[in-house]
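Structure, as structure tokens:
The values are calculated or read from the model by the stated rules, or taken from the named source; none is laboratory data. Please read these numbers as outputs of a predicted model, since none were measured by experiment. When we count neighbours, we look across all protein chains shown, and the Cβ atoms used for this are built from the backbone with ideal geometry, even at glycine. Ligands, DNA and RNA are excluded from the accessible area calculation, which covers all protein heavy atoms including side chains. Shrake-Rupley method; radii C 1.70, N 1.55, O 1.52, S 1.80 Å.
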Amino acid sequence: MNAEFKVTPWEVSGEVDYDLLVEKFGTKRIDNALLERMSKYGELHPLLRRGVVYSHRDMEWILDRYDAGEKFYLYTGRGPSGHTHLGHLMPWIFTKYLQDTFKVPLYFQLTNDEKFLFNENLTLKDTTDMAYQNLLDVIALDFDPKLTKIMVDTEYIHHLYPIALKVAKRITFSTARAVFGFENSNNIGTIFFTSVQAAPAFLGSELAGKNVPCLIPCGIDQDPHFRVARDIAPVLGYYKPALLHNKMFPGLQGTDKMSSSQPNSTIYTTDPPKLVRKKIMSAFTGGCVSVEEQRKCGGKPEVCSVFKYKFYLFEKNDKKLDELYEKCRRGEILCGECKKSLADSMVTFIEDHQVKREAAKDKVEEFMLRD
Ligand code: TRP
């Protein structure tokens, strides 16, 4: 096992041991009993069935409240440091499934403040412009405008600030340093920031004038923010937010996380379809150098990024996915063929997304929360 991996809200590196993270963070694995319970509300999403969304905090409690007639709201977000890639879309697609299944509101936060504070090279204008680019991708996923509200931090701060202040007052520097690893050289905005990311977890309660349960679907890397928020929720008189955690979306070059620092490993929603195809065709598969060898020894679906993409998003049929796995192992399907089939589905997806993304430009104001 690789002890070198690192998972913080600002950095994911190395080969992530997701089981160990559950232990380290103190979350719970989504077990079969919970899956079965969730399947009563609607067909389980493949990301749940396949264990990509794999860990949680208090999901049973959310369902208990829901069964008792107390609806929750969803909260998730995005740090607008660059264009949206498939790794960002995945948890949003999952969030959309939750909204459709439970018919509940969603608050979506764009942390232009965060990305300004944490990135030496980005101006506040850069991160604000990028927030408006990113939110087109959210809208393009067909979220219900009646149930979905999007905020850009600096443009909704009058509502967030009173909550952030209450949160900040309860978090000591020593806690923040222990949880996030801050050092003396950190600017002081970065230290305050977690209280801004916590605020929407309590916003639903503030706006309703009574406690409303909140469920946050997010990458497991974001858990530290909400662990702290959960700790201080009771003293502020709020419910603790519940969480559903997903694993990181893999890159195309065999890395554990699709990342903007590796453009060839990353499919952006704004990439021209031709480029998407090109990136897939040069993806890492772990296959053999020659056709003969591969026919003889078979491929390695467990390390292949093309297989991972089918597993994560592009092959929804479990039976077909299993068949592909077996065929690959037996050397009955070669990497070129497999890449082509992924490229075809990905190009169809991206083309469709880009049409919706264009149309989203006229819908922005329907979704925005502003001070
Ligand atoms: N910090 C997150 C990022 O960098 C953005 C974010 C804000 C978020 N609020 C959230 C992510 C709630 C998940 C859930 O991407």
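Here is a yes/no grid of residues against (1) over 22 Å from residue 263 (Cβ atoms); (2) in the same structural domain as residue 347 (by TED's automatic domain parsing); (3) under 28 Å from the mean Cα position of the chain (by Cα); (4) assigned to a loop (DSSP other than H, G, I, E, B):
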{"residue": "286", "(1), (2), (3), (4)": "no, yes, yes, yes"}
{"residue": "293", "(1), (2), (3), (4)": "yes, yes, no, no"}
{"residue": "296", "(1), (2), (3), (4)": "yes, yes, no, no"}
{"residue": "299", "(1), (2), (3), (4)": "yes, yes, no, yes"}
{"residue": "306", "(1), (2), (3), (4)": "no, yes, yes, no"}
{"residue": "316", "(1), (2), (3), (4)": "yes, yes, yes, yes"}
{"residue": "319", "(1), (2), (3), (4)": "yes, yes, yes, no"}
{"residue": "325", "(1), (2), (3), (4)": "yes, yes, yes, no"}
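Would you check if residue 55 is in a strand (DSSP E or B) and outside the structural domain of residue 319 (by TED's automatic domain parsing)? Spell out the reasoning first.
Numbers: in a strand (DSSP E or B): yes; outside the structural domain of residue 319 (by TED's automatic domain parsing): yes.
Against the criterion (in a strand (DSSP E or B) and outside the structural domain of residue 319 (by TED's automatic domain parsing)), residue 55 qualifies.
Is it fair to say residue 152 is in contact with a Phe, Trp or Tyr (Cβ under 8 Å, 6 or more places away or on another chain), within 27 Å of residue 208 (Cα to Cα) and away from the ligand (no atom under 12 Å from the Cβ)? Write out each step before concluding.
Values: in contact with a Phe, Trp or Tyr (Cβ under 8 Å, 6 or more places away or on another chain): yes; within 27 Å of residue 208 (Cα to Cα): yes; away from the ligand (no atom under 12 Å from the Cβ): no.
The answer is no for residue 152.
Could you say which residue among 104, 7, 22 is assigned to a strand (DSSP E or B) and β-branched (Val, Ile, Thr)?
Values: 104 fails: assigned to a strand (DSSP E or B); 22 fails: assigned to a strand (DSSP E or B).
That would be 7, the only listed residue that is assigned to a strand (DSSP E or B) and β-branched (Val, Ile, Thr).
On the basis of being assigned to a helix (DSSP H, G or I), modelled with pLDDT of 95 or more and aliphatic (A, V, I, L, M), does residue 212 make the cut? Considered against the rule, which asks whether it is assigned to a helix (DSSP H, G or I), modelled with pLDDT of 95 or more and aliphatic (A, V, I, L, M), residue 212 comes out as no. Restricting 22, 104 to residues that are over 24 Å from residue 131 (Cα atoms) and either crowded, with 16+ Cβ neighbours inside 10 Å or within 14 Å of the ligand (Cβ to nearest atom) (or both) narrows the list to 22.
If we scan segment 323-330, do we find a residue that is buried (at least 18 other Cβ atoms within 10 Å of the Cβ) and within 30 Å of residue 130 (Cα to Cα)? No. When segment 220-247 is filtered for residues that are under 17 Å from the mean Cα position of the chain (by Cα) and part of a loop (DSSP other than H, G, I, E, B), the ones remaining, listed by number, are 241, 247. Taken as a whole, the condition of being hydrophobic (A, V, I, L, M, F, W, C), in the same structural domain as residue 160 (by TED's automatic domain parsing) and touching a Lys or Arg at 6+ places or on another chain (Cβ under 7 Å) does not apply to residue 199. Which pairs do you get when a residue that is on the phi > 0 side of the Ramachandran plot, found in segment 277-302, comes within reach of a residue that is surrounded by 13 or more Cβ atoms within 10 Å (Cβ to Cβ), reach meaning Cβ atoms under 6 angstrom, with the pair 6+ apart or on two chains? Listed pairs, sorted by first residue: 286/300; 286/303; 286/304; 298/329; 298/331.
In the set 97, 66, 73, 18, only one residue is over 19 Å from the mean Cα position of the chain (by Cα) and in contact (Cβ under 8 Å) with a residue 12 or more places away in the chain; that residue is 66.
Taking each residue of segment 32-46 that is in the same structural domain as residue 102 (by TED's automatic domain parsing) and in contact (Cβ under 8 Å) with a residue 60 or more places away in the chain and looking for partners that are of a type in the set (Phe, Trp, Tyr) and surrounded by 13 or more Cβ atoms within 10 Å (Cβ to Cβ) with beta-carbon atoms closer than 7 Å, six or more apart or interchain, yields 41/102. Here residue 272 fulfils each of the conditions (1) open to solvent by 30 Å² or more (accessible area, probe 1.4 Å); (2) modelled with pLDDT of 95 or more; (3) closer than 30 Å to residue 175 by Cβ apart from (3). For residue 149, the conditions (1) surrounded by fewer than 21 Cβ atoms within 10 Å (Cβ to Cβ); (2) touching a residue at least 60 places away in the same chain (Cβ under 8 Å); (3) of a type in the set (Lys, Arg) are fulfilled apart from (1).
Just the residues that are near the ligand (Cβ under 10 Å from one of its atoms), part of a loop (DSSP other than H, G, I, E, B) and surrounded by 21 or more Cβ atoms within 10 Å (Cβ to Cβ), please, taken from segment 67-85.
Step one: of segment 67-85, the residues near the ligand (Cβ under 10 Å from one of its atoms) are 74-81.
Narrowing the set further to residues that are part of a loop (DSSP other than H, G, I, E, B) leaves 79-81.
Selection gives 79, 80.
Put simply, of 244, 236, 165 the only residue that is touching a His at 6+ places or on another chain (Cβ under 9 Å) and either away from the ligand (no atom under 15 Å from the Cβ) or hydrophobic (A, V, I, L, M, F, W, C) (or both) is 244.
I'd like to check something: does segment 227-242 contain any residue that is among the basic types (Lys, Arg) and at pLDDT below 95?
The first filter runs over segment 227-242 and keeps only residues among the basic types (Lys, Arg), leaving 227, 230, 240.
Narrowing further to those that are at pLDDT below 95: none.
The answer is no; no qualifying residue exists.
Restricting attention to segment 107-120, the residues that are open to solvent by less than 20 Å² (accessible area, probe 1.4 Å) and near the ligand (Cβ under 10 Å from one of its atoms) total 5. Within segment 187-210, the residues that satisfy the criterion of being open to solvent by 50 Å² or more (accessible area, probe 1.4 Å) and not hydrophobic (A, V, I, L, M, F, W, C) are 187, 206, 209, 210.
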